[in-house]
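Note sheet for the following structure.
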Amino acid sequence: CPFYSSAVAGVCERTLIAVKPDGVQRKLVGEIIKRFEQRGFTLVGLKLLQASEGILAEHYHDLRRKPFYPALLRYMASGPVVAMVWEGHNVVRTSRAMVGDTDSSQAKPGTIRGDFSVHISRNVIHASDSVEVAEREISLWFHSGELISWETSDQSHLYQV
Ligand code: IDP
Ligand code: MG
């Protein structure tokens, strides 16, 4: 964690964000990164990968009995995914708000899903839904050596340090 983490509670928090295959195909990677950067979060890990069935089965383990599960795994394996770890104050909750409702048809304009998707089955992006889940998902998608802790120069403008 960066130096200011002792001064501001919750700054150390991290979340897993993934641009799903539809978002990559539709060239939304830059737009999505831009939103997280501009909000004030710090990128600590980033990679483009073809997700294996093993990683997807683990990632969506809780949904394995849902009727849409086989189609979900096919969708998530249909092309490359951009997996990222973002850090900052309350990043898990804030990124869920930035991403919008799971069902794109209910997602509010201004959210990523509400601006770039129309159907729940192709909703562009994944974001961890709790701090505990984020820790599990980050260790599933990234080796610890792939994450960089670094001190950004804008911290005194983002936080009272
Ligand atoms: P979340 O991505 O907003 O956290 P979850 O309920 O965890 O939503 O579901 C994971 C993913 O499974 C969704 O983002 C979506 O891609 C897919 N999914 C969820 N419900 C449905 C459905 O009813 N039909 C098709 N796909 C679904
Ligand atoms: Mg979820």
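The values are calculated or read from the model by the stated rules, or taken from the named source; none is laboratory data. Quantities reported herein were computed from a predicted structural model and do not represent experimental measurements. Reconstructed Cβ throughout: ideal geometry from the backbone, glycine too, with neighbour counts over all protein chains shown. Note: areas computed on protein heavy atoms with side chains; ligands, DNA, RNA excluded. Shrake-Rupley method; radii C 1.70, N 1.55, O 1.52, S 1.80 Å.
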Is there any pair with a first residue in region 116-133 that is under 19 Å from residue 73 (Cα atoms) and a second that is open to solvent by 30 Å² or more (accessible area, probe 1.4 Å) and within 8 Å of ligand 1 (Cβ to nearest atom) whose Cβ atoms are under 6 Å apart and which are 6 or more apart or on different chains, and what are they? 120/103; 127/96
Subset of region 109-151, residues in contact with a strand residue (DSSP E or B) (Cβ under 7 Å, 6 or more places away or on another chain), surrounded by 15 or more Cβ atoms within 10 Å (Cβ to Cβ) and polar (S, T, N, Q), comes to 128
Leading residue by the ranking (nearest to residue 62 (Cα to Cα)) among those in region 73-91 that are out of contact with any strand residue (DSSP E or B) (no Cβ under 7 Å at 6 or more places or on another chain) and either open to solvent by less than 10 Å² (accessible area, probe 1.4 Å) or small (Gly, Ala, Ser) (or both): 76
Test: residue in region 55-63 that is open to solvent by less than 10 Å² (accessible area, probe 1.4 Å), under 19 Å from residue 140 (Cα atoms), at pLDDT 95 or above and not small (Gly, Ala, Ser): yes
Report, by residue number, each residue of region 14-47 that is out of contact with any Phe, Trp or Tyr (no Cβ under 9 Å at 6 or more places or on another chain), open to solvent by 40 Å² or more (accessible area, probe 1.4 Å) and not in a helix (DSSP H, G or I). 27, 46
Flag if residue 161 is farther than 19 Å from residue 16 by Cα, in contact with a helix residue (DSSP H, G or I) (Cβ under 8 Å, 6 or more places away or on another chain) and touching a residue at least 60 places away in the same chain (Cβ under 8 Å): yes
Just to verify a result, which residue in region 1-13, among those that are modelled with pLDDT under 80 and open to solvent by 60 Å² or more (accessible area, probe 1.4 Å), is nearest to ligand 2 (Cβ to nearest atom)? 1
Which numbered condition residue 67 misses (of (1) closer than 19 Å to residue 32 by Cα; (2) within 12 Å of ligand 1 (Cβ to nearest atom); (3) open to solvent by 90 Å² or more (accessible area, probe 1.4 Å)): (1)
